[in-house]
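Student: The structure is given below, and queries will be raised subsequently.
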Amino acid sequence: MPLQTANWEPNKEMPVGKGATVQQFFTILGKDRFEINVAPWGEGQLKVNGQEIARTAEAKDRRHAFTTLKQAAERYARGEPLETPKNGKARLIPTVKAKLLEGKKGLVVGIANEQSIAWGCAAAFRAFGADLAVTYLNDKAKKHVDPLARALESSIVMPLDVRVPGQMEAVFERITKEWGKLDFVVHSIAFAPQQALHGRVVDVPLDGFLTTMHVSCWTFLQMAQLAEPLMKKGGTIFTMTYYGSRTVVKNYNIMGVAKAALESAVRYVSAELGPKGIRVHAISPGPLATRAASGIPEFDKLLEKAKAKAPARSLVSIEDVGAATAFLAHDVARLITGDTIYIDGGYHVVD
């Protein structure tokens, strides 16, 4: 059946209405599942088998967005190259309609490009009205982060390599000088040397272990310590973890050990800072095709397994992670703290 004549069925489980309601349509062609998600303000995305292949942020309304993405799906099915832009300015929720975090100020660490989990979080925070400070790893990364920082209208954009002494302190000093407060921090960084990541856990050399734990866990503690005096009226601290912390995931290796330590740190920090109104969360997305994940061998097979086994039968997106994280930064979530929050379509509950 040609895709042009395919029957695009709406997801009847999703609510229909005005405002920030996202609608979903899907069709099956052969072994491929095509999915289009569109919002009333003209943003939309096209997925094939759970993977985003096109996006629009410039359509005038939902109908226009659907038509644009339907045409992109037809070109994809014919094997033609897609011209639909994956616009970095696209946002899950329009700022003019959902300024739930207006007046809040936050730091997002870990944006590498527009596929980064940190970018999904930053875009959602900004869409909800928050002001953001962002960092980039080094000069090489700066050219990728600068356009995103402009889209976020960030007034504070600074280098931060956590292995360079003094750089983290410099970021917080500038925030103190310019803002004098901080409402949330997103710690979305992790690193393991190639030898440590690709080898057996039992064979990891001391320097590889220490580097992995330093970047992936200790820096979270350092950020919490620096953020504490700026959160005089409370706040929220986030870090990113993964299911490999609690069970053995093939090829995740030493990073699983580091994430287990990180989740334990979240519990202790939440207990210590909770009396000051500071909430602490470990966010655990399902597998995502990020640059960091590209270093994990056979990661494509991990994606396929997650898609097949997750109760929702869908891979998580950075937009999904961003929206949920932004919700947890809102005051309505003031009594949620100290836990690992899974945003993975339910994958973590399935054996």
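Student: Which residue pairs have Cβ atoms under 6 Å apart, sit 6 or more places apart or on different chains, and have a first residue in the stretch 164-185 that is within 20 Å of Cys121 (Cβ to Cβ) and a second that is small (Gly, Ala, Ser)?
Tutor: If the second residue must be small (Gly, Ala, Ser), the pairs left are Ile175/Ala133; Leu182/Ala227; Asp183/Gly106; Asp183/Gly235; Phe184/Gly106; Phe184/Gly235; Phe184/Ala329; Val185/Ala227.
Student: Further, regarding this structure: If a residue has to be part of a helix (DSSP H, G or I) and surrounded by 14 or more Cβ atoms within 10 Å (Cβ to Cβ) to count, how many in the stretch 310-332 make the cut?
Tutor: 12
Student: Within the stretch 188-244, how many residues turn out to be of a type outside the set (Gly, Ala, Ser), in a loop (DSSP other than H, G, I, E, B), open to solvent by less than 50 Å² (accessible area, probe 1.4 Å) and under 30 Å from Lys105 (Cβ atoms)?
Tutor: Taking the stretch 188-244 first, the residues of a type outside the set (Gly, Ala, Ser) are 189, 191, 193-195, 197-198, 200-207, 209-215, 217-223, 225-226, 228-233, 236-243.
If we keep only those that are in a loop (DSSP other than H, G, I, E, B) too, we end up with 189, 191, 193, 200, 204-205, 231-233, 241-242.
Filter again for open to solvent by less than 50 Å² (accessible area, probe 1.4 Å), leaving 189, 193, 204-205, 231, 241-242.
When the remaining residues are screened for being under 30 Å from Lys105 (Cβ atoms), the result is 189, 231, 241-242.
Count: 4.
Student: Continuing with the same structure: For the stretch 129-162, which positions are among the small types (Gly, Ala, Ser), over 24 Å from Ala224 (Cβ atoms) and outside any helix (DSSP H, G or I)?
Tutor: Gly129
Student: Could you say which residue among Glu298, Glu304 is on the phi > 0 side of the Ramachandran plot and at pLDDT below 95?
Tutor: Glu298
Student: Let me ask something additional. Could you please let me know if Leu137 is open to solvent by 20 Å² or more (accessible area, probe 1.4 Å), free of Cβ contacts under 8 Å to residues at least 60 places away in the same chain and more than 20 Å from the chain's Cα centre (by Cα)? Give the steps one after another, and end with the answer.
Tutor: Numbers: open to solvent by 20 Å² or more (accessible area, probe 1.4 Å): yes; free of Cβ contacts under 8 Å to residues at least 60 places away in the same chain: yes; more than 20 Å from the chain's Cα centre (by Cα): no.
It is false that Leu137 is open to solvent by 20 Å² or more (accessible area, probe 1.4 Å), free of Cβ contacts under 8 Å to residues at least 60 places away in the same chain and more than 20 Å from the chain's Cα centre (by Cα).
Student: Taking the condition of being part of a helix (DSSP H, G or I) and of a type in the set (Val, Ile, Thr), how many residues in the stretch 108-124 meet it? Full working, then the answer.
Tutor: Step one: filter the stretch 108-124 for residues part of a helix (DSSP H, G or I), giving 117-124.
Checking the rest, the ones that are also of a type in the set (Val, Ile, Thr) come to 117.
Total meeting the criteria: 1.
Student: Quickly run through the stretch 163-182 and pick out the residues that are open to solvent by less than 20 Å² (accessible area, probe 1.4 Å) and not in a helix (DSSP H, G or I).
Tutor: The answer is Leu182, and nothing else.
Student: Out of the residues in the stretch 245-256 meeting the condition of being within 21 Å of the chain's Cα centre (by Cα) and not polar (S, T, N, Q), tell me which one is most open to solvent (accessible area, probe 1.4 Å).
Tutor: Restricting attention to the stretch 245-256, the residues satisfying the condition of being within 21 Å of the chain's Cα centre (by Cα) are 245-246, 249, 252, 255-256.
Of the ones still in play, those that are also not polar (S, T, N, Q) are 246, 249, 252, 255-256.
Values: Arg246: 134, Val249: 19, Tyr252: 21, Met255: 19, Gly256: 7 Å².
Step by step, filter the stretch 245-256, then rank; the result is Arg246.
Student: For residues in the stretch 41-56 being open to solvent by 30 Å² or more (accessible area, probe 1.4 Å) and either in a strand (DSSP E or B) or over 30 Å from Lys305 (Cβ atoms) (or both), which is modelled with the highest pLDDT?
Tutor: Taking the stretch 41-56 first, the residues open to solvent by 30 Å² or more (accessible area, probe 1.4 Å) are 41, 49, 51-53.
With the extra rule that they be either in a strand (DSSP E or B) or over 30 Å from Lys305 (Cβ atoms) (or both), the set shrinks to 41, 51-53.
On the way: Trp41: 67, Gln51: 80, Glu52: 81, Ile53: 85.
Looking at the filtered set, the residue picked out is Ile53.
Student: Take Ser216 and decide whether it is of a type outside the set (Phe, Trp, Tyr), under 24 Å from Leu197 (Cα atoms) and touching an Asp or Glu at 6+ places or on another chain (Cβ under 8 Å).
Tutor: On the way: of a type outside the set (Phe, Trp, Tyr): yes; under 24 Å from Leu197 (Cα atoms): yes; touching an Asp or Glu at 6+ places or on another chain (Cβ under 8 Å): no.
Against the criterion (of a type outside the set (Phe, Trp, Tyr), under 24 Å from Leu197 (Cα atoms) and touching an Asp or Glu at 6+ places or on another chain (Cβ under 8 Å)), Ser216 does not qualify.
Student: If you don't mind, there's one more thing I want to ask. Return a yes/no flag: does the stretch 268-284 have any residue that is aliphatic (A, V, I, L, M), at pLDDT below 95 and either part of a helix (DSSP H, G or I) or more than 19 Å from the chain's Cα centre (by Cα) (or both).
Tutor: no
Student: Of Ala127, Ala73, Ala90, which residue is within 15 Å of the chain's Cα centre (by Cα), modelled with pLDDT of 85 or more, open to solvent by less than 20 Å² (accessible area, probe 1.4 Å) and among the hydrophobic types (A, V, I, L, M, F, W, C)?
Tutor: The match here is Ala127.
Student: For the stretch 257-277, how many residues meet the condition of being surrounded by fewer than 17 Cβ atoms within 10 Å (Cβ to Cβ) and hydroxyl-bearing (Ser, Thr, Tyr)?
Tutor: 2
The values are calculated or read from the model by the stated rules, or taken from the named source; none is laboratory data. Fair warning: this is a prediction, and the values are worked out from it, not measured in the lab. All Cβ positions, even for glycine, are placed from backbone atoms using ideal geometry, and neighbour counts span all protein chains on display. For accessibility, only protein heavy atoms count, side chains too; no ligands or nucleic acids. Shrake-Rupley method; radii C 1.70, N 1.55, O 1.52, S 1.80 Å.
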